[in-house]
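The structure appears right after this line, and notes come after that.
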Amino acid sequence: MNRYSEDSFWKIKLSEIPDFTPNLDCLIVDRRAKLSDLLSSSILDPEGIFVSPKFKATIDQFKLPPCEFFPAKVEKKGKKTDYYFLYQLSDCSSDILFSETKFAVVNLFTGEILDTIHIGSKEELRDSSKLLRNRFGARIDALDFQIKPHCLKLKDSFHQKGWDMFTFSVIGLNYYVSYPLRERMLEANLTGIEMGMVDLQCRG
């Protein structure tokens, strides 16, 4: 991938579906890596995911946010495999009702929930290290804990979108999927995915 070419991946603008096909031939993975139906691409900007044709066929049956699947190649040990790069405008952070939402302080190593807390705004959540120090002081090493949604209260605007796959960038890089899509993913036996449950509630 030539960073300075006209079809360079790095020419994609944030929060905008590109009007060109970026050159994604190819991503080289470590020879010890295992190819799966979903590959994280957090080292790239903008964030997105590399998905297999099987993954694309599975989620194509559901309602997705504005998105584009760009053809890509993933190379391992000199062999290229067909993938897609999924780039989507799926951020629903503006739909969070912070005044009614509960967040959990979770130990990154054990998964233990230290406490549930309320957070007043996106800005307060973004400075999570300061938030943890102010709340728990010497009891906690902010590097060992993460703030995750415990019960997300959402505006009506979220329900009106009706998306089956979305993100909350203010919380982290995780993708969220509807229960029907979760079940379909499990039926399709997609690999490279770790799922957990989160309580999402729309006002009213």
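The values are calculated or read from the model by the stated rules, or taken from the named source; none is laboratory data. Please read all numbers here as calculations on a predicted model, not as lab measurements. Neighbour counts run over all protein chains shown; Cβ positions are idealised from the backbone, glycine included.
Looking at the range 116-141, which of its residues are assigned to a helix (DSSP H, G or I), at pLDDT below 80 and either within 22 Å of the chain's Cα centre (by Cα) or not hydrophobic (A, V, I, L, M, F, W, C) (or both)? R126, S128, S129, K130, R133, N134, R135, G137, R139 - these are the residues of the range 116-141 that are assigned to a helix (DSSP H, G or I), at pLDDT below 80 and either within 22 Å of the chain's Cα centre (by Cα) or not hydrophobic (A, V, I, L, M, F, W, C) (or both). For the range 52-70, check the following and say yes or no: at least one residue is of a type in the set (D, E, K, R), over 21 Å from Y179 (Cα atoms) and modelled with pLDDT under 90. No, there is no match, as no residue in the range 52-70 is of a type in the set (D, E, K, R), over 21 Å from Y179 (Cα atoms) and modelled with pLDDT under 90.
Of all residues being touching a residue at least 60 places away in the same chain (Cβ under 8 Å) and more than 19 Å from S52 (Cα to Cα) in the range 163-177, which is surrounded by the most Cβ atoms within 10 Å (Cβ to Cβ)? Just the residue, please. That would be F168. Search the range 1-24 for residues being in contact with a strand residue (DSSP E or B) (Cβ under 9 Å, 6 or more places away or on another chain) and surrounded by fewer than 13 Cβ atoms within 10 Å (Cβ to Cβ), and hand back the single one that is modelled with the highest pLDDT. It comes out as T21. Of all the criteria given as (1) closer than 22 Å to P66 by Cβ; (2) at pLDDT below 90, the one not satisfied by N107 is (1). Is at least one residue of the range 47-66 more than 17 Å from the chain's Cα centre (by Cα), outside the structural domain of P149 (by TED's automatic domain parsing) and in a strand (DSSP E or B)? No, every residue in the range 47-66 fails to be more than 17 Å from the chain's Cα centre (by Cα), outside the structural domain of P149 (by TED's automatic domain parsing) and in a strand (DSSP E or B).
Based on what the data block shows, is K73 within 19 Å of the chain's Cα centre (by Cα) and either at pLDDT 85 or above or under 29 Å from H159 (Cα atoms) (or both)? It is false that K73 is within 19 Å of the chain's Cα centre (by Cα) and either at pLDDT 85 or above or under 29 Å from H159 (Cα atoms) (or both).
Just to be sure before I move on: is L44 in a strand (DSSP E or B), modelled with pLDDT under 90, surrounded by 13 or more Cβ atoms within 10 Å (Cβ to Cβ) and not β-branched (V, I, T) in the structure I sent?
no
With respect to the conditions (1) out of contact with any His (no Cβ under 7 Å at 6 or more places or on another chain); (2) assigned to a strand (DSSP E or B), A104 falls short on a single one, namely (1).
Residues that are over 27 Å from E187 (Cβ atoms), assigned to a loop (DSSP other than H, G, I, E, B) and modelled with pLDDT under 85 within the range 25-41 are absent altogether.
Only one residue in D164, D156 is charged (D, E, K, R) and at pLDDT 95 or above. Which one?
Values: D156 fails: at pLDDT 95 or above.
Result: D164 is the single residue among D164, D156 that is charged (D, E, K, R) and at pLDDT 95 or above.
For the range 178-204, the set of residues classified as of a type outside the set (V, I, T), out of contact with any Lys or Arg (no Cβ under 9 Å at 6 or more places or on another chain), under 21 Å from L35 (Cβ atoms) and surrounded by 14 or more Cβ atoms within 10 Å (Cβ to Cβ) consists of M185 only.
All of (1) among the hydrophobic types (A, V, I, L, M, F, W, C); (2) farther than 23 Å from K161 by Cα; (3) not in a strand (DSSP E or B) hold for I17 with one exception: (2). Pairs meeting the criteria (first residue in the range 97-115 and closer than 10 Å to Q146 by Cβ, second residue part of a helix (DSSP H, G or I) and not small (G, A, S), beta carbons under 7 Å, at least 6 apart or on different chains) are V105/L132; N107/D144; L108/D144. Residue pairs whose Cβ atoms lie under 6 Å apart, sitting 6 or more positions apart in sequence or on different chains, and linking a residue in the range 61-86 that is touching a residue at least 40 places away in the same chain (Cβ under 8 Å) and exposed (fewer than 14 other Cβ atoms within 10 Å of the Cβ) to a partner that is among the aromatic types (F, W, Y) and assigned to a strand (DSSP E or B), do not occur here.
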